[in-house]
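**Student:** Mind having a look at this structure? Questions to follow.
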Amino acid sequence: VRTERDSFSGLQRALHWLTAIMVLTMLFIGVGMVSTLKPAFLTLVAIHKPLGIAILALVIFRIGVRLWLGAPPLPGDLPRIQVLAAKLSHVALYALLIAMPLVGWGMLSAGGYPIVLYGPIHLPEFLPHDDRLHAILRTAHTVLAFMFFATILLHVAAALFHAWVRRDGVFRAMAGIGPRNQ
Amino acid sequence: MSDEENPARHAPLSPLAVGGRLAVIGAVLFISAVAFVYVGGWLSPNRLTPGRMVAALSDRGGNPLGHRRNHAKGTCFTGVFEANGAASQYSVAPMLAAGRYPVIGRFAIAVGNPDASDIMGRVKSMAVRIVSPDGQEWRSGMNNIPVFVVSNPRDFYELTLTQDIDPPTGKPDPAATKRFFAAHPESAPFVEWNQTAPWTASWADQAYNSLNAFRFIDAGGTSHLVRWAMEPEISPTPVPHAALATMGPNFLEQDLFRRLADGPLTWHLAVTFAEPGDPSNDATKVWPPDRKRVDVGTLIVQKAEAEADGPCRDFNYDPTILPNGIAVSDDPLLAARSAAYAKSFDLRTSEVADYPYTPGPGDRP
């Protein structure tokens, strides 16, 4: 049911901003928790795991919504290289949204850890208990986190470039405020 | 939609205005990146991070690569925890309900060098991982000391630094440890134990204490402040320190294998309940001896295996891995143990080449 329109639907905008808050919270908790021995460590870890799984569930739903509702077209005069950058960065963001929780869950599985969400509620291990696998996934979790943060910064830079320099309505399509396309 | 044939309503930006707006965008990115780096500790050289803690633990001699960075030398065991149900009224933990639950555990000595002689093991430890049928886990790392040596992670870091190898001599500076204890009166009960407790030549005759306090949560949601201990059925056999020196480097593992060849070893899990005013956050202080103690079950150690291929090797005995019904107290050592054990685990799982598994027939090369 793709319709030509100049803005994302309310549902898509809500999902976008909810994801943004959750992912930024997640990334800051992640780098913060692995750098402290203070009691906050336990609180942050206890938030990190269920929040990661919540993001995984949310992004699966979001991808379904995106396939169903589509996205407004990019401005016709956007240079091809910027169109390509926009498409690739969005694919990268979706890929990281899926990969980060799966790598985190897999890394705990391979490390022989129980994957506790809350109280007695825990997820099954979906990978074998294996040192080498744990080491690979643990490193991947860190590397992907930095790539994720860098990609988000690029995404923010591009959004602000559209809002303040190009003033072409792309920012408004997701934010609901800012310059209209003309 | 298309604006190609329509005059732009936005007035064109001057090059200066474009530059100014790009600068603001750059500033947003820069501030975000700095915030991220700050939270990650890279701007805080004095922050006590798990990495710094584990680095200090790794510098106490020998080659710790591939091994736990503390309690580096140990032996795996397997067995059963038989809960008698006496703790069920205090905690909903499934492995405290009457029944039998599998255990994978580890005996160790508190050294940084995995090749240390057992005579270096003044402090001995027992770690257990008890699994309930629904997949919940209770992991606990316990020591044969009545109190811990310090009350907080910063002091533990400072103490560890005094045990690090001094490059000119190749040994730790003994005066540094003395200076630490002189400046830390709260360590006195540990120091007294260290000087007076009899040595033994066995893991089997020692009692192992949780040291940190935890909370049992009962079915009504009420929290009970507790500590626990694994108490052996056999009594300790003191051995003069000089005699230990003649027993070879691995007498603890040999003793364990010998005893288990004759049959299982048994410990009783004794849970001590605090009274109001007993410290929950200071592992250097014992609770008064008249506190209520409940025998909640029996640990039966059936089999021991060398660590290299043993079932305990690839588990992190993080004492904050707890089932529903048991929770951490406000003891600051618990979070520090969890964070540092995780760092140690992440390091050693990436160092398998430094601590190979013994290849068995049919294994990949």
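**Student:** Take region A:56-77 and flag every residue that is outside any loop (DSSP other than H, G, I, E, B) and farther than 18 Å from A:His122 by Cβ. If you could, list the steps in order and put the result at the bottom.
**Tutor:** Step one: list which residues in region A:56-77 are outside any loop (DSSP other than H, G, I, E, B), which gives A:56-69.
Across region A:56-77, the qualifying residues are A:Leu58, A:Val59, A:Ile60, A:Phe61, A:Arg62, A:Ile63, A:Gly64, A:Val65, A:Arg66, A:Leu67, A:Trp68, A:Leu69.
**Student:** If I go through region B:81-100 residue by residue, how many of them are open to solvent by 20 Å² or more (accessible area, probe 1.4 Å) and in a strand (DSSP E or B)? Explain how you work it out, then say what you get.
**Tutor:** So in region B:81-100, the residues open to solvent by 20 Å² or more (accessible area, probe 1.4 Å) come out as B:82, B:84-86, B:88-90, B:92, B:94, B:97-100.
Now narrow it down to the ones that are in a strand (DSSP E or B): B:82, B:99-100.
Residues meeting the conditions: 3.
**Student:** Among the residues of region B:249-273, what is the count of those that are small (Gly, Ala, Ser) and either open to solvent by 30 Å² or more (accessible area, probe 1.4 Å) or modelled with pLDDT under 95 (or both)? Spell out the reasoning first.
**Tutor:** First pass over region B:249-273, keeping only residues small (Gly, Ala, Ser): B:261, B:263, B:270.
After this cut, where a residue has to be either open to solvent by 30 Å² or more (accessible area, probe 1.4 Å) or modelled with pLDDT under 95 (or both) as well, the list is B:261.
Selection size over region B:249-273: 1.
**Student:** Would you check if A:Phe41 is surrounded by fewer than 19 Cβ atoms within 10 Å (Cβ to Cβ), within 14 Å of another protein chain (Cβ to nearest Cβ), of a type outside the set (Ser, Thr, Tyr) and out of contact with any Lys or Arg (no Cβ under 7 Å at 6 or more places or on another chain)?
**Tutor:** No; evaluated as a whole, the condition is false for this residue.
**Student:** Still on this structure: If I filter region B:219-226 for residues that are free of Cβ contacts under 8 Å to residues at least 12 places away in the same chain and polar (S, T, N, Q), do I get at least one hit?
**Tutor:** Yes.
**Student:** Could you check, for region A:93-106, whether at least one of its residues is of a type in the set (Val, Ile, Thr), within 12 Å of chain B (Cβ to nearest Cβ), open to solvent by less than 60 Å² (accessible area, probe 1.4 Å) and in contact with a helix residue (DSSP H, G or I) (Cβ under 9 Å, 6 or more places away or on another chain)?
**Tutor:** Within region A:93-106, none of the residues are of a type in the set (Val, Ile, Thr), within 12 Å of chain B (Cβ to nearest Cβ), open to solvent by less than 60 Å² (accessible area, probe 1.4 Å) and in contact with a helix residue (DSSP H, G or I) (Cβ under 9 Å, 6 or more places away or on another chain).
**Student:** Considering only region B:201-228, state which residues are within 22 Å of B:Leu260 (Cβ to Cβ) and out of contact with any Lys or Arg (no Cβ under 9 Å at 6 or more places or on another chain). Let's see the steps before the verdict.
**Tutor:** Quick first cut of region B:201-228, residues within 22 Å of B:Leu260 (Cβ to Cβ) only: B:201-208.
Those that are within 22 Å of B:Leu260 (Cβ to Cβ) and out of contact with any Lys or Arg (no Cβ under 9 Å at 6 or more places or on another chain): B:Ala201, B:Asp205, B:Ala207.
**Student:** Please state which of the following conditions B:Ser58 fails to meet, knowing it meets all the rest: (1) within 14 Å of chain A (Cβ to nearest Cβ); (2) more than 30 Å from B:Ser223 (Cα to Cα); (3) open to solvent by 10 Å² or more (accessible area, probe 1.4 Å).
**Tutor:** If we test B:Ser58 against (1) within 14 Å of chain A (Cβ to nearest Cβ); (2) more than 30 Å from B:Ser223 (Cα to Cα); (3) open to solvent by 10 Å² or more (accessible area, probe 1.4 Å), just (1) comes out false.
Residues checked against (1) outside any loop (DSSP other than H, G, I, E, B); (2) within 30 Å of B:Leu252 (Cα to Cα); (3) modelled with pLDDT under 95; (4) more than 11 Å from every other protein chain (Cβ to nearest Cβ):
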{"site": "B:Asn6", "(1), (2), (3), (4)": "no, no, yes, no"}
{"site": "B:Val34", "(1), (2), (3), (4)": "yes, no, no, yes"}
{"site": "B:Val37", "(1), (2), (3), (4)": "yes, no, no, no"}
{"site": "B:Met53", "(1), (2), (3), (4)": "yes, yes, no, no"}
{"site": "B:Gly79", "(1), (2), (3), (4)": "yes, yes, no, yes"}
{"site": "B:Arg106", "(1), (2), (3), (4)": "yes, yes, no, yes"}
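**Student:** Among (1) at pLDDT below 95; (2) crowded, with 18+ Cβ neighbours inside 10 Å; (3) farther than 28 Å from B:Trp203 by Cβ, which single condition is B:Pro45 missing?
**Tutor:** Going through the list (1) at pLDDT below 95; (2) crowded, with 18+ Cβ neighbours inside 10 Å; (3) farther than 28 Å from B:Trp203 by Cβ, B:Pro45 breaks only (2).
**Student:** Another question, if that's okay. Confirm whether A:Ala163 is of a type in the set (A, V, I, L, M, F, W, C), buried (at least 19 other Cβ atoms within 10 Å of the Cβ) and more than 10 Å from chain B (Cβ to nearest Cβ). Reasoning before the result, please.
**Tutor:** Details: of a type in the set (A, V, I, L, M, F, W, C): yes; buried (at least 19 other Cβ atoms within 10 Å of the Cβ): yes; more than 10 Å from chain B (Cβ to nearest Cβ): no.
For A:Ala163, the condition - of a type in the set (A, V, I, L, M, F, W, C), buried (at least 19 other Cβ atoms within 10 Å of the Cβ) and more than 10 Å from chain B (Cβ to nearest Cβ) - is not met.
**Student:** On the basis of being within 22 Å of B:Phe36 (Cβ to Cβ), at the interface with chain B (Cβ under 10 Å from one of its Cβ atoms), surrounded by fewer than 20 Cβ atoms within 10 Å (Cβ to Cβ) and among the hydrophobic types (A, V, I, L, M, F, W, C), does A:Ala140 make the cut?
**Tutor:** Working: within 22 Å of B:Phe36 (Cβ to Cβ): yes; at the interface with chain B (Cβ under 10 Å from one of its Cβ atoms): no; surrounded by fewer than 20 Cβ atoms within 10 Å (Cβ to Cβ): yes; among the hydrophobic types (A, V, I, L, M, F, W, C): yes.
No, not satisfied.
**Student:** Restricting to region B:191-238, what's the tally of residues that are open to solvent by 30 Å² or more (accessible area, probe 1.4 Å) and of a type in the set (A, V, I, L, M, F, W, C)?
**Tutor:** Looking only at that region, the number is 8.
**Student:** Against the condition part of a helix (DSSP H, G or I), closer than 20 Å to B:Asn144 by Cα and modelled with pLDDT of 95 or more, how does B:Ile119 come out, does it pass?
**Tutor:** It is true that B:Ile119 is part of a helix (DSSP H, G or I), closer than 20 Å to B:Asn144 by Cα and modelled with pLDDT of 95 or more.
Here's the yes/no breakdown for (1) at the interface with chain A (Cβ under 7 Å from one of its Cβ atoms); (2) among the polar types (S, T, N, Q):
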position	(1), (2)
B:Cys312	no, no
B:Phe315	yes, no
B:Asp318	no, no
B:Ile321	yes, no
B:Asn324	yes, yes
B:Ala335	yes, no
B:Ser338	yes, yes
B:Lys343	no, no
B:Arg348	no, no
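**Student:** In region A:65-74, is there at least one residue being within 11 Å of chain B (Cβ to nearest Cβ), surrounded by 16 or more Cβ atoms within 10 Å (Cβ to Cβ) and either closer than 24 Å to B:Glu351 by Cβ or among the small types (Gly, Ala, Ser) (or both)?
**Tutor:** Checked against the condition, which is being within 11 Å of chain B (Cβ to nearest Cβ), surrounded by 16 or more Cβ atoms within 10 Å (Cβ to Cβ) and either closer than 24 Å to B:Glu351 by Cβ or among the small types (Gly, Ala, Ser) (or both), region A:65-74 yields no hits at all.
The values are calculated or read from the model by the stated rules, or taken from the named source; none is laboratory data. Quick caveat: nothing in here was measured; it's all calculated off a predicted structure. Cβ coordinates were reconstructed from backbone atoms using ideal geometry, including for glycine residues, and neighbour counts include every protein chain displayed. Only protein heavy atoms, including side chains, enter the accessible area calculation; ligands, DNA and RNA are left aside. Shrake-Rupley method; radii C 1.70, N 1.55, O 1.52, S 1.80 Å.
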